[in-house]
1. Taking only the stretch 1-26 into account, find how many residues are more than 20 Å from V178 (Cα to Cα) and more than 16 Å from the chain's Cα centre (by Cα).
2. Quick one: which strands (runs of 3 or more DSSP E) sit completely within the stretch 148-260 and have at least 3 residues that are within 17 Å of the chain's Cα centre (by Cα)?
3. Give all pairs with beta carbons closer than 8 Å in which a residue from the stretch 114-132 that is more than 9 Å from R72 (Cα to Cα) and without any contact (Cβ under 8 Å) to a residue 60 or more places away in the chain meets a residue that is open to solvent by less than 10 Å² (accessible area, probe 1.4 Å) and part of a loop (DSSP other than H, G, I, E, B); count only pairs at least 6 apart in sequence or on separate chains.
4. Which residue, of F69, F56, is among the aromatic types (F, W, Y), more than 14 Å from the chain's Cα centre (by Cα) and buried (at least 16 other Cβ atoms within 10 Å of the Cβ)?
5. Scan (1) open to solvent by 60 Å² or more (accessible area, probe 1.4 Å); (2) within 30 Å of V191 (Cβ to Cβ); (3) in contact with a His (Cβ under 9 Å, 6 or more places away or on another chain) for the single condition P49 breaks and write down its number.
6. Going by what's in this entry, would L39 be described as open to solvent by 10 Å² or more (accessible area, probe 1.4 Å) and either of a type outside the set (D, E) or under 19 Å from the mean Cα position of the chain (by Cα) (or both)?
7. Could you check P89 against (1) open to solvent by 10 Å² or more (accessible area, probe 1.4 Å); (2) assigned to a loop (DSSP other than H, G, I, E, B); (3) in contact with a Phe, Trp or Tyr (Cβ under 7 Å, 6 or more places away or on another chain) and say which number it fails?
8. Going by the conditions given, is H61 at pLDDT 95 or above and in contact with a Ser or Thr (Cβ under 7 Å, 6 or more places away or on another chain)?
Amino acid sequence: MTRRITQQYKAYRDDIRDLQTRRPVPGPQLEHLDPFLFLNHHGPQVYAPDNLGLPFGPHPHRGFETVTFILRGELSHKDTGGHESIIGPGGVQWMTAGSGLIHSELSPESFKKHGGELEILQLWVNLPSRLKMTDPRYVGLQAAEIPQIPLSHGKGSVSLISGEVAGVSGPIKTLTDVTMMTVQLAAGTEVTLRAPAAREVFLYTVKGRLQIGDDEAQAWHLIELDGTDDSVTVTAVDDAVILFGHADKIREPIVSHGPFVMNNMQEINQAILDYQAGKFNVKLNSH
């Protein structure tokens, strides 16, 4: 047996300036997939020379984590915790906003000058109430720092960010035991991925179609699976890329207001007051 598709949620277009953006969650039919709150899929697109780059100037976060996958292009990160990096294609940024950070995610000057391909995924992962005010932290990884696990005689591979696959551990040690990876598959390739029945699975089709059981998973869809088995078997109908992970459900109230995600409105109001009072501007030690 394998997990089967119960629902598919199409990513809807919500462009930001000249940045092509698709978002499967939150959407008209799905508010969140506990603990996964939000996914933006930027691109794929090609920027011309002398472009304005990404539009994500300084903005605050509290109460959750952002995981950013740079599939193509480059991303410059800077935050009030003192963390700064430029991550290239195949790299990942994992930022724990926790008690509060202000960060910028912009294109490096070289990208704005020369242009090029761009495709980025950003996923928001909730934190339980006991960790919402944890110390912020940030890890930026280049592609060479992320294990590549070959699949099916070289016709596929896993880029493992966190958790464990085939005895290999991902480089990010998460606060809530989140497993996260991207999976590349050539057309016709089948792979079985561990997906413990007690955990919520996050499966987004970045590129291509998949066959899962009797159903076809469409490109640019978030795929909701049943909880009947500890694995899911997928077959690539086309050359495919998927974002895949799983985590324990938090099962707590979720109250979100823009860049803050807490458990109640009192905590949201406090986050706004703390931001306005400059309490997100504290320099921290890098982790």
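The values are calculated or read from the model by the stated rules, or taken from the named source; none is laboratory data. It should be emphasised that the depicted structure is a prediction, and the values quoted were computed from it without experimental measurement. Please note: Cβ atoms are built from the backbone with ideal geometry, for glycine as well, and neighbour counts cover all protein chains shown. The accessibility values were calculated without ligands, DNA or RNA, using every heavy atom of the protein model including side chains. Shrake-Rupley method; radii C 1.70, N 1.55, O 1.52, S 1.80 Å.
1. Total meeting the criteria: 18.
2. 156-162, 179-185, 200-207, 221-225, 240-247
3. These pairs meet every condition: L131/G98.
4. F56
5. Every condition holds for P49 apart from (2).
6. On the way: open to solvent by 10 Å² or more (accessible area, probe 1.4 Å): no; either of a type outside the set (D, E) or under 19 Å from the mean Cα position of the chain (by Cα) (or both): yes.
So L39 fails the test.
7. Status for P89: all satisfied but (3).
8. On the way: at pLDDT 95 or above: yes; in contact with a Ser or Thr (Cβ under 7 Å, 6 or more places away or on another chain): no.
No, not satisfied.
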